[in-house]
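What follows is one structure encoded as structure tokens, with my remarks underneath.
The values are calculated or read from the model by the stated rules, or taken from the named source; none is laboratory data. The structure displayed is predicted, hence computed values, not measured ones. Here Cβ is always computed from backbone atoms with ideal geometry, including for glycine, and neighbour counts include all displayed protein chains. Calculation scope for accessible area: heavy atoms of the full protein, side chains included, ligands and nucleic acids excluded. Shrake-Rupley method; radii C 1.70, N 1.55, O 1.52, S 1.80 Å.
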Amino acid sequence: MTAQMIDGKRIAADIRAEVAERARILSARGVRPGLGVVLVGDDPASQVYVRMKTRACEEAGIHARDIKPPTDIGQPELLAIVDELNADPAIHGILVQLPLPGHLDEREVTERIDPSKDVDGFHPVNQGRMSQGDPDAFRPATPAGVQELIRRTGVETSGAHVVIVGRSNIVGMPMSQIMLQKEPGANATVTVAHSRTADLGAVTRQGEILIVAVGRPGIVRGDMVREGALVIDVGVNRVDDPSAARGYRLVGDVDFDEASERASWITPVPGGVGPMTIAMLLRNTVMSAERTPSAAEVGAAASG
Ligand code: NAP
């Protein structure tokens, strides 16, 4: 079998266009969606990522407010920034770019974000609500994007065996919760593998849908993929490549060429899951803004 490619770039562009339309409708109601982005310090990868998010926001009609405190900001000062964004009615979503410098307490910062503005979906309130099946809980962007990619292939997930490799709080763990939900695009039987899993190949070969989020190039070889599986590669790894202009190229966790011979569907890296993450973040932000009454609506409610 030769796999069909899942074009994350195209699907993400479609979602961003849907978001832009929703933002336009909101603006007509007097609500301009706003995202507050906090980037501590000058980590180059985070800077690139935040720039991409800001640009995507502007294209979708979302106001992005960037706050860039210095690396040595103290915990109380960072919490005060989060408090200010929590209180700002023009801000519907808050994103604190992780990882934070080592002297800062990521958990306390994450938990300080108002859950109703937690568009990254990392707050324990949202994670708990999501795992309890609350459809209104914000879901972390990357696993939500993976589900969207699977949905748009039309492959049936209900009753399918989904194998997820990786159990991080940002990808594997929420991914498993999402695929267990009683909803279209989920309702699956889920197995989660991790670094202590014995005989990884024996587990991955069971997956009718195989989602890999490890961070090791080529950890999943072709013979670890079930014939006809749908394969989603979340991994993004830099490998040296002297022939590339930058001296490296990006590859996933799955050996793409080998897996393509056995899978029915597969995501490329880059151009698969990556573009979906920002698209889903924008979607969460617009969803949050849609829950906010406009000033006129607030006034009408107060006078009526
Ligand atoms: P992470 O926090 O490092 O977690 C990696 C997971 O892989 C852990 O659960 C770990 O198991 C498991 N693992 C490690 N070695 C393994 C092995 N030999 N066999 C089986 N499982 C193994 O990473 P992450 O944040 O989830 O990210 C994973 C990958 O996705 C990275 O390449 C990252 O760059 C990429 N990513 C991409 C996006 C995107 O937008 N496309 C977003 C987020 C992440 P233990 O729990 O036992 O340690």
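Taking all protein chains in place and a 1.4 Å probe, what share, in percent, of the accessible surface of the stretch 135-230 do carbon and sulfur account for? The nonpolar share, carbon plus sulfur, comes to 47 percent. Between the listed residues Ile278, Gly252, Val236, the Cα displaced farthest toward the positive end of the dipole of the stretch 223-304, a dipole computed from Cβ unit charges relative to the Cα centre, is found at Ile278. Against the main long axis of the alpha-carbon atoms of the chain, helix 75-87 sits at an angle near 70°. Contact order, relative form, for the stretch 30-122: 36 percent (alpha carbon pairs under 8 Å, 6 or more residues apart, mean separation divided by residue count).
Computed from Cα positions, the angle between helix 274-290 and the longest principal axis of the chain comes to roughly 30 degrees.
Please tell me the relative contact order of the stretch 141-274 in percent, rounded to the nearest whole number, where contacts are Cα pairs under 8 Å and at least six residues apart. Relative contact order, the stretch 141-274: 22 percent. Highest mean packing first, where packing is the average number of other Cβ atoms within 10 Å per residue, the peptides 209-217, 59-67, 148-156 line up as 209-217, 59-67, 148-156. Apolar share of the accessible surface for the stretch 30-122: 53 percent from carbon plus sulfur atoms, 1.4 Å probe.
Mean sequence separation of contacting Cα pairs (under 8 Å, at least six apart), scaled by the length of the chain, corresponds to a relative contact order of 23 percent.
Using the average count of surrounding beta-carbon atoms within 10 Å as a protection proxy, the listed peptides 293-300, 162-169 rank, highest first, as 162-169, 293-300. Near Leu104: Cβ cut-off under 12 Å, other residues only, Lys/Arg at +1 and Asp/Glu at -1. The net charge is -3.
Accessible surface for the chain, divided over its residues, is 47 Å² per residue with a 1.4 Å probe. Using only the alpha-carbon atoms, how far is helix 141-153 inclined from the longest principal axis of the chain? Give it as 0 to 90 degrees, nearest 10. For 141-153 against the chain, the angle is about 60 degrees. Using a Gaussian network model of the chain whose springs link C-alpha atoms within less than 10 Å, name the residue from Ser288, Ser27, Ser195 with the highest mean-square fluctuation. Highest fluctuation of the listed residues: Ser195. Rounded to the nearest 500, the 222 nm mean residue ellipticity of the chain from helices alone is -12500 deg cm²/dmol, with -39,500 (n - 2.57) taken per DSSP H run of at least 4 residues.
Any idea what the dipole of the stretch 30-122 comes to, in debye rounded to 20, about its Cα centre with Lys/Arg Cβ at +1 and Asp/Glu Cβ at -1? Value, rounded to 20: 400 debye.
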